[in-house]
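Throughout, read-outs are computed from the coordinates displayed, never taken from laboratory work. Remember, it's a predicted structure, so these values are computed and weren't measured experimentally. FYI the Cβ positions are ideal-geometry reconstructions off the backbone, even for glycines, and counts take in every protein chain you see.
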Amino acid sequence: MGVFKPEFTNPDDIVMLEKHTCPEIFVCLQGKMGLVLQSAGNERIIELQPLQALTVTDYHNGFMIDPDGYFLVTERSAFTTEYIDRKTGAFIKKVEVT
C-alpha cells in the first residue's frame, strides 16, 4: 500500500502506460484525480472524486486534476509490471518486483 501523487496534471501528457500481473486498487483520498485506462486498444479516462475507488487490471496511468489530490494504491508485494507506449502500444520494458 502506498500514496501515489502522479507527476501528470493532464491526461494528454501521459506517454507510457503500465499493467501489473495483479489487480491494483486506487482510492482517491483527496482532490479530484484521474486515470487513463486502456484495454484491447480502447482507451477511456476515469475521473474519481474523494473516497471513490477503482480496481484496475488493464494498462493505466494516473493524473492529478486538483493540485492537492492523491491516491492510496494497494497492490501485492510481488508482481511484474509491463510498460507500453500509449499511442502505439509498443512494448517498452518489463520490471519484476519481488
Please list, in order along segment 25-30, the HN-Hα scalar couplings obtained from phi with the Karplus expression 6.51 cos²θ - 1.76 cosθ + 1.60 (θ = phi - 60°), rounded to whole Hz, x for Gly and Pro. 10, 9, 10, 6, 9, 8
Percent of alpha-carbon pairs separated by more than 21 Å within segment 2-97: 28 percent
Whose amide H sits under 5 Å from the amide H of Phe8, counting only residues 5 or more places off or on another chain, with H placed in the peptide plane? Met64
Spatially proximal lysines relative to Lys19 (Cα-Cα < 19 Å; intrachain offsets below 8 disregarded): Lys5, Lys87, Lys93, Lys94
Using the Cβ atoms and a cut-off under 9 Å, what net charge is assigned to the surroundings of Phe91, where Lys and Arg are +1 and Asp and Glu are -1? 0
Scoring only Lys, Arg, Asp and Glu (+1, +1, -1, -1) among other residues with Cβ under 14 Å from the Cβ of Val3 yields -3
Cβ-based net charge around Gly69, under 13 Å, with every Lys or Arg adding one and every Asp or Glu removing one: -2
